[in-house]
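What follows is calculated from the coordinates using simple rules that are stated; it is not laboratory data. Given the structure is predicted, the values throughout are model-derived calculations rather than measurements. Glycine gets a Cβ as well: all are built from the backbone with ideal geometry, and neighbour counts include every protein chain shown.
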Amino acid sequence: MTSDKGLLIVLSGPSGVGKGTVRKAIFDDPDTGFKYSISMTTRKMREGEVDGVDYFFKTREEFESLIEQDKFIEHAQYVGNYYGTPVDYVVETMEQGHDVFLEIEVEGAKQVRERFPEALFIFLAPPNLAQLEERLIGRGTDSMEVIRHRIEEAKRELSLMNLYDYVVINDDVQQAKRRVQCIVEASHMRRAHVESKLRKLLLEVNN
Ligand SMILES: Nc1ncnc2c1ncn2[C@@H]1O[C@H](COP(=O)(O)OP(=O)(O)OP(=O)(O)O)[C@@H](O)[C@H]1O
Ligand SMILES: Nc1nc2c(ncn2[C@@H]2O[C@H](COP(=O)(O)O)[C@@H](O)[C@H]2O)c(=O)[nH]1
């Protein structure tokens, strides 16, 4: 009685906290065995982004048609755009035994918890709000109006961090990366331990 299915890992947190930066550090590590689920969005492509690498970019019509076809594990509207996690990739990849890594905002993470309560939920938090704003400004991808909107969202999102299994402060990218890797490792060990206990219990019951 072993779980052959991969683990679903959800990294969430406010925009600009560094989720993408930490995720890239994790995936640059040759020891990382997870698979990254590329999201779909209706947001405009930013300079340097590549369709099918950073996101699958969709029109609102395409996205809404996919919602109707139940093609998302979760989807949410964030600052005027849709974002969603494709169900087929995630389910097939986990069935093949791979861990799947999602990088999503808080409303989407709530939906994932309802559908996959056994998933691992990690909240990436900034050292403080001022640094979060500095990071959003420093990234240079959004207008001040959008940044203000994202900061307002961030205040609401930060108030929900207690719903997560773990909170990692992203004060340093390499340290945050190691913390996430350790949490995943510990979750695998705990899962193996619980399964071994259940196996023993079943043997006792059946004998
Ligand atoms: N630990 C850190 N210290 C300083 N700057 C950081 C740190 N982590 C990330 N950054 C910087 O903060 C900015 C935002 O990072 P990033 O784009 O990874 O955030 P994000 O959470 O993925 O945002 P979004 O949710 O909007 O995609 C980037 O310019 C990045 O270089
Ligand atoms: N609920 C979901 N949120 C997602 C998904 N993919 C990304 N995101 C989050 O949206 C915001 C904004 O992203 P940006 O690229 O426009 O800066 C950020 O918090 C992302 O993590 C998804 O599939 N579902």
Is it the case that the stretch 106-116 has a residue that's within 15 Å of ligand 1 (Cβ to nearest atom), under 22 Å from Ile73 (Cα atoms) and either part of a strand (DSSP E or B) or acidic (Asp, Glu) (or both)?
yes
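I'm checking my understanding of the structure. Among residues of the stretch 67-81 that are hydrophobic (A, V, I, L, M, F, W, C) and surrounded by fewer than 19 Cβ atoms within 10 Å (Cβ to Cβ), which one is farthest from ligand 1 (Cβ to nearest atom)?
The selected residue is Ile67.
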Verdict on Phe123 being in contact (Cβ under 8 Å) with a residue 24 or more places away in the chain and touching a Gly at 6+ places or on another chain (Cβ under 7 Å)
yes
Answer from Lys58, Lys19 - the residue that is of a type in the set (Lys, Arg), within 13 Å of the chain's Cα centre (by Cα) and within 12 Å of ligand 2 (Cβ to nearest atom)
Lys19
Just wondering, is there one or more residues in the stretch 82-89 that are within 13 Å of ligand 2 (Cβ to nearest atom), surrounded by 17 or more Cβ atoms within 10 Å (Cβ to Cβ), in contact (Cβ under 8 Å) with a residue 12 or more places away in the chain and part of a loop (DSSP other than H, G, I, E, B)?
no
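Quick check on the stretch 133-149. Is at least one of its residues closer than 22 Å to Lys110 by Cβ and under 19 Å from the mean Cα position of the chain (by Cα)? So that I can check it myself, show each step before the final result.
Here is the first cut: in the stretch 133-149, the ones closer than 22 Å to Lys110 by Cβ are 149.
Okay, now just the ones that are also under 19 Å from the mean Cα position of the chain (by Cα), so none.
Among the residues of the stretch 133-149, not one is closer than 22 Å to Lys110 by Cβ and under 19 Å from the mean Cα position of the chain (by Cα), which makes the answer no.
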Of the numbered conditions (1) within 13 Å of ligand 2 (Cβ to nearest atom); (2) surrounded by 17 or more Cβ atoms within 10 Å (Cβ to Cβ), Met94 fails exactly one; give the number of that condition.
(1)
